[in-house]
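Accompanying notes for the structure given below.
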Amino acid sequence: RLIMVHGYLIFHLNLAFSSIKTEARLEVIRKCYWPLLRLAESTGITIGIELTGWTLQKIELLDPLWVQRFRQLLQSKQCELIGSGWSQIIGPLVPYEVNFWNQKLGMDTYQGKLGVTPKLALVNEMAFSTGMVDVYAEAGYQGFIMDRDNVRLALGLGHTPLSTTPTHALGCGIQSLPVLWSDSILFQRLQRVVHGDIPVSEYMEYVKKRAYQDHALLPIYCNDAEIF
């Protein structure tokens, strides 16, 4: 039986990643960030690229041509910008005012340097709280991306079909936002096959199995770009 399943790719860019030395940032842009843009160009697949305003600013200082090309791909719909704020902070651990300004500064940077504002936000470090729904909505986001596996475990849905997973998150009042789910098992499998830990054939069989079982959008990859 032929099953048509759609998937999506979202790559998280972070030049403040603790294991990246300051002097290695330009190499990361060359080896990890440029290939992402070329992947979008060569395959025609619209790739989601998420980065903070701080990382975007650093890339522009080190390699302004990358930002210029990224802006062109955004305009031609070959890439989609995913937001997260000015800095990658754990929202539930800081006051409302810090979250507010983190998102405002991020949105201002996206608009100023790329000419667009993102519709989706990636939850930093996958640390969610109810109040973050209101923060994202106030910042102008229309939805956000969160890890599905941990949420299902927290809600006691670990052994139920994926169709039982909520589609929206409710804030502290009446505000709600739709959720696009990431999948830690799927992105870890792709990382393992790229690093040669498992064969491509095994990975493809797993993806086919998930496509047959889930009957839903497959989050093929929603994680770090620097791992590659």
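See the values below:
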item	result
First in segment 24-36 and farther than 10 Å from residue 225 by Cα and of a type in the set (Val, Ile, Thr), second anywhere and in a helix (DSSP H, G or I) and at pLDDT below 95, Cβ under 9 Å, 6 or more apart	none
Test: residue 196 is free of Cβ contacts under 8 Å to residues at least 40 places away in the same chain, assigned to a loop (DSSP other than H, G, I, E, B) and open to solvent by 50 Å² or more (accessible area, probe 1.4 Å)	yes
Unmet criterion (only one of (1) of a type in the set (Ser, Thr, Tyr); (2) open to solvent by 60 Å² or more (accessible area, probe 1.4 Å); (3) part of a loop (DSSP other than H, G, I, E, B)) for residue 212	(3)
The one condition in (1) open to solvent by 70 Å² or more (accessible area, probe 1.4 Å); (2) modelled with pLDDT of 95 or more; (3) over 20 Å from residue 226 (Cβ atoms); (4) among the hydrophobic types (A, V, I, L, M, F, W, C) that residue 2 fails to fulfil	(2)
Hey, residue 48 touching a residue at least 60 places away in the same chain (Cβ under 8 Å), surrounded by 16 or more Cβ atoms within 10 Å (Cβ to Cβ), of a type in the set (Gly, Ala, Ser) and under 23 Å from residue 219 (Cβ atoms) or not	yes
Lone qualifier among 16, 40 - being within 17 Å of the chain's Cα centre (by Cα) and under 30 Å from residue 213 (Cβ atoms)	40
Residues that are in a helix (DSSP H, G or I) and either in contact with a Phe, Trp or Tyr (Cβ under 8 Å, 6 or more places away or on another chain) or surrounded by 15 or more Cβ atoms within 10 Å (Cβ to Cβ) (or both), drawn from segment 151-177	151, 152, 162
Output for segment 17-61, where each listed residue is over 20 Å from residue 141 (Cα atoms), of a type in the set (A, V, I, L, M) and either in contact with a Lys or Arg (Cβ under 8 Å, 6 or more places away or on another chain) or in a strand (DSSP E or B) (or both)	37
Any hit, segment 150-159, residues being under 17 Å from the mean Cα position of the chain (by Cα) and modelled with pLDDT under 95	yes
Hits in segment 178-189 - residues which are assigned to a helix (DSSP H, G or I), surrounded by fewer than 19 Cβ atoms within 10 Å (Cβ to Cβ) and at pLDDT 95 or above	188
In segment 110-120, the residues that are under 26 Å from residue 181 (Cα atoms) and either open to solvent by 10 Å² or more (accessible area, probe 1.4 Å) or of a type in the set (Ser, Thr, Tyr) (or both)	110, 111, 116, 117, 119, 120
Residue count for segment 75-106, restricted to those that are crowded, with 19+ Cβ neighbours inside 10 Å and part of a helix (DSSP H, G or I)	5
Residues of segment 121-141 satisfying the condition of being out of contact with any helix residue (DSSP H, G or I) (no Cβ under 9 Å at 6 or more places or on another chain) and not in a helix (DSSP H, G or I)	122
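The values are calculated or read from the model by the stated rules, or taken from the named source; none is laboratory data. No experiment lies behind these values; they were computed from the predicted model shown. Ideal geometry is used to build each Cβ from the backbone, glycine not excepted, and the neighbour counts take in all protein chains shown. Remember, those area values only see protein heavy atoms, side chains included, never the ligands or the DNA or RNA. Shrake-Rupley method; radii C 1.70, N 1.55, O 1.52, S 1.80 Å.
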